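**Student:** Before I ask anything, here is the structure I am working with.
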Amino acid sequence: MTNLAETPSHLVSPQKARSSKAGSVATALALTLVVTICWSSLAQARPDARKFSCAAAQKMVRDNGQVVFTTGPNTYSMFVSNRRYCDPWQVLSWQYAPTKDNPKCRVAYKCDEPIFDRPRFGLF
């Protein structure tokens, strides 16, 4: 059997060229389908804070260090357990979220930009 890639195009019959193109299109479609299925199965949905108790949401952040919770129909937020998960210039502030048992649960911290410049290198 002749490899079409090595055969000059003027020597390939139109029928072989068409079947080769159809085969490559089918292969590309099959590969796209496989990648899409695999990718979607790897994706994880964000945990929804509204489906957890306040204590369970707090424990999830404590256990994982940082968690991005869904906090409403179109909103999400990152909760952190300590400064290690923030940029060096950021400060911690309490972050609240609605949970199953508390409409304003103090789940954990969030990384905030400071309102005023913080002293650098321990000066002042």
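**Student:** Give me a comma-separated list of calculated 3J(HN,Hα) values for the stretch 59-74, in order, Karplus coefficients 6.51, -1.76, 1.60 applied at θ = phi - 60°, integers in Hz, x for any Gly or Pro.
**Tutor:** After applying 6.51 cos²θ - 1.76 cosθ + 1.60, I find 5, 4, 5, 4, 6, 9, x, 8, 9, 9, 9, 6, 10, x, x, 10 Hz.
**Student:** Can you sort Thr99, Thr32 so the residue with the fewest Cβ neighbours within 10 Å comes first?
**Tutor:** With the sparsest Cβ surroundings first, the list reads Thr32, Thr99.
**Student:** Taking amide H positions as placed in the peptide plane 1.01 Å from N, state which residues far from Tyr76 in sequence (5 or more) or on other chains have amide H under 5 Å from it.
**Tutor:** Thr71
**Student:** Which net charge results for the neighbourhood of Pro98, defined as the other residues with beta-carbon distances under 13 angstrom from its beta-carbon, given Lys and Arg at +1 and Asp and Glu at -1?
**Tutor:** Its environment carries a net charge of +3.
**Student:** Report the net charge of residues surrounding Tyr76, where surrounding means a beta-carbon distance below 14 angstrom and charges are Lys +1, Arg +1, Asp -1, Glu -1.
**Tutor:** +3
**Student:** Can you list residues from other chains, or at least 5 along the same chain, whose modelled amide H is less than 5 Å from the amide H of Tyr109?
**Tutor:** Counting only residues 5 or more places away or on other chains, the set is Val80, Gln95.
**Student:** Also: Would you tally the net charge around Pro47, using a Cβ to Cβ cut-off of less than 13 Å, leaving Pro47 out, and scoring K and R as +1, D and E as -1?
**Tutor:** +3
**Student:** Express in nm, to one decimal, how much length is gained between Asp63 and Ala45 on full extension, taking 0.36 nm for each residue of separation and deducting their alpha carbon distance.
**Tutor:** Length difference between fully extended and current span is 4.7 nm.
**Student:** Out of residues 5 or more away from Phe52 or on other chains, whose amide H comes under 5 Å of its own, with H placed 1.01 Å from N in the peptide plane?
**Tutor:** HN-HN under 5 Å from Phe52: Lys100.
Throughout, read-outs are computed from the coordinates displayed, never taken from laboratory work. Since the structure is predicted, the reported quantities are computational estimates derived from the model, not experimental observations. Neighbour counts are summed over all protein chains in view; Cβ atoms, including those assigned to glycine, are modelled from backbone coordinates with ideal geometry.
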